[in-house]
Amino acid sequence: MIGQWRQAWSALPGNVRGALWSMINVLTFAVSTAAIKAVGGRIPVVEIVLFSVAGQLVILSPRILRAHVTSLAPRVMGLHLLRVFLLLGGMLTGFQAVVDLPVAEATALSFTKSLFLTVAAALILAERVGRGRWSCTLLGFAGVLVMLRPDAEGVSWGASLAIVSAGAAALGALMTRVLAPTQTAATLMFWQTSITLIVLAPWVATVGVMPDAAEFGYLAVIAGSGVIGNLSNIFALRDGEASAIAPIEYLRLPTTALVGFYMFAEVPTLWTWIGAAIIVASTLAALRIELNAARRGLRAG
């Protein structure tokens with residue numbers, strides 16, 4: 001029976017498999033977001049992140065042990081530390097944004113990661129970014145302004161955290177791109193989880209609170225969702241083309257909006273939908289520009 005399912009799965013086109021994996025990623029993101037929101041009112045965000053990372057380390061430890069992770073050269077360690085602190089900063093600010101903001105708004109602002117990634121790739125890696133991509137990036141940031149509508153008092157604290165989280169996540173992704181050609185996935189996971197635990201454990205010891213049974217359940221869900229979400233994203237990119245998978249990521253917004261409505265009685269504003277639509281349209285347009293440029297390069301070659 002299992003063999004038949006595997007054959008049927010393998011017979012599916014790669015983009016269909018990638019899309020299905022990406023759908024799993026969307027669902028686990030919604031589940032994780034709901035759990036973070038549910039416990040964030042009493043459990044400090046730093047403790048939520050600690051439990052999430054510790055749970056992921058326990059679940060992934062067999063794979064890490066099989067990889068025989070030992071030591072890394074000092075220069076590589078510096079890059080690992082930079083990557084870990086960027087990703088950790090993105091998690092802390094992103095989790096807090098979920099607690100402070102309506103989940104749909106926090107999700108929509110997380111989409112600005114791709115905008116920050118374009119800017120960082122141009123400024124740090126000196127990647128060539130054409131006028132088309134710059135125009136799409138500026139349009140995306142205009143969508144952020146539409147969504148937030150800053151007034152004389154500026155942008156809310158929660159929205160600021162969401163934007164900082166997206167920027168930190170973009171820089172962390174950039175460092176992953178730098179390290180990935182020479183470091184295995186197990187090595188990246190090992191240093192990310194172990195350094196995070198070393199940094200957060202003393203912090204949690206001073207500010208943490210003891211979760212009750214229900215909160216332990218939510219924390220376990222957050223950790224498990226993180227593992228499933230990360231693996232499903234890897235499998236999606238392995239089986240499908242990025243152009244086919246990228247649009248599915250934006251289903252996170254309606255999915256989390258439904259979660260926010262049914263679990264927390266949150267109703268996204270019209271400005272949230274309009275701003276999110278501008279951000280999504282700009283990132284998809286930038287992706288289309290890149291694909292067209294790649295096709296022209298192949299034809300020229």
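The values are calculated or read from the model by the stated rules, or taken from the named source; none is laboratory data. Since the model is a prediction, treat every value here as computed from it, not as a measurement. Neighbour counts are summed over all protein chains in view; Cβ atoms, including those assigned to glycine, are modelled from backbone coordinates with ideal geometry. The area values use the complete protein model at the heavy-atom level, side chains included, leaving out ligands, DNA and RNA. Shrake-Rupley method; radii C 1.70, N 1.55, O 1.52, S 1.80 Å.
Points to keep in mind about this one:
- For region 66-100, a tally of residues being part of a helix (DSSP H, G or I) and at pLDDT below 70 returns 3.
- Sole residue being open to solvent by less than 30 Å² (accessible area, probe 1.4 Å), under 30 Å from Leu200 (Cα atoms) and among the polar types (S, T, N, Q), chosen from Ser165, Ser156: Ser165
- Any chance Phe51 is under 19 Å from Val199 (Cα atoms), aromatic (Phe, Trp, Tyr) and either open to solvent by 40 Å² or more (accessible area, probe 1.4 Å) or at pLDDT below 75 (or both): yes
- Positions within region 238-273 being over 22 Å from Thr118 (Cβ atoms), open to solvent by 50 Å² or more (accessible area, probe 1.4 Å) and assigned to a helix (DSSP H, G or I), in sequence order: Arg238, Pro254, Leu258, Phe261, Tyr262, Met263, Phe264, Leu270, Trp271, Trp273
- The condition of being of a type in the set (Gly, Ala, Ser) and either over 30 Å from Arg83 (Cβ atoms) or in contact with a Ser or Thr (Cβ under 6 Å, 6 or more places away or on another chain) (or both) holds for only one of Ala201, Ala246, Ala265, that being Ala265.
- Of all residues in region 30-40, those satisfying the criterion of being assigned to a helix (DSSP H, G or I) and under 11 Å from Ile222 (Cβ atoms) are Val31, Ser32, Thr33, Ala34, Ala35, Ile36, Lys37, Ala38, Val39.
- Lone qualifier among Val227, Val209 - being in contact (Cβ under 8 Å) with a residue 12 or more places away in the chain and assigned to a loop (DSSP other than H, G, I, E, B): Val209
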